[in-house]
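Everything on this sheet refers to the single structure shown next.
The values are calculated or read from the model by the stated rules, or taken from the named source; none is laboratory data. Quantities reported herein were computed from a predicted structural model and do not represent experimental measurements.
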Amino acid sequence: MLKENIKSIRKSKGLSQEELAIKLNVVRQTISKWEQGLSVPDSEMIIAISEVFETPVSILLGENVAESKANYLQVVSEQLEIINLQLSQRRNARRKMVRFLLILLCVMIIIGFLALILLNSPYLKWDYNDHETAFLGVSFHSFEWLFIRVAPVIFITSIIGLFLTREKS
């Protein structure tokens with residue numbers, strides 16, 4: 001168990017036997033003997049190995065590294081699943097907010113058109129000899145003229161946006 005763990009962790013850290021030997025102040029043959037199971041490091045050396053590998057002693061002595069990696073992959077997989085779920089929820093919330101705003105815009109345009117129809121442009125009957133009245137009348141007429149021309153384009157665009165943001169089954 002120890003020999004496989006030393007070898008697999010050393011390789012996963014990208015260390016050669018020579019590099020590990022230098023870090024532990026031993027000769028390369030000592031590392032080779034440990035990995036072949038011909039000898040076993042003493043307790044102080046096991047602690048030094050765990051520090052070099054930045055790995056708990058329990059993994060060196062007992063736990064299988066492959067199991068540890070499998071557990072790590074499972075944890076990462078579960079975390080990615082949670083992140084994907086959160087991103088999906090955000091995307092759905094954003095889509096619902098956009099749909100709500102588009103519906104609100106359509107309703108406001110319809111209300112604007114109804115108001116213009118019901119009011120029937122009352123400013124056209126005003127006396128434009130007064131400068132303030134003339135300014136207000138021209139302002140209302142400009143708004144109505146602009147609204148009548150721009151609102152249908154915005155309305156159609158909003159309807160297309162509602163179609164594009166619908167929930168797909």
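Here are a few things to note about the model shown:
- Being at pLDDT below 90, within 37 Å of the chain's Cα centre (by Cα) and of a type in the set (S, T, N, Q) is a property that Q74 has.
- Odd one out for S121, checked against (1) at pLDDT below 85; (2) at negative phi: (2)
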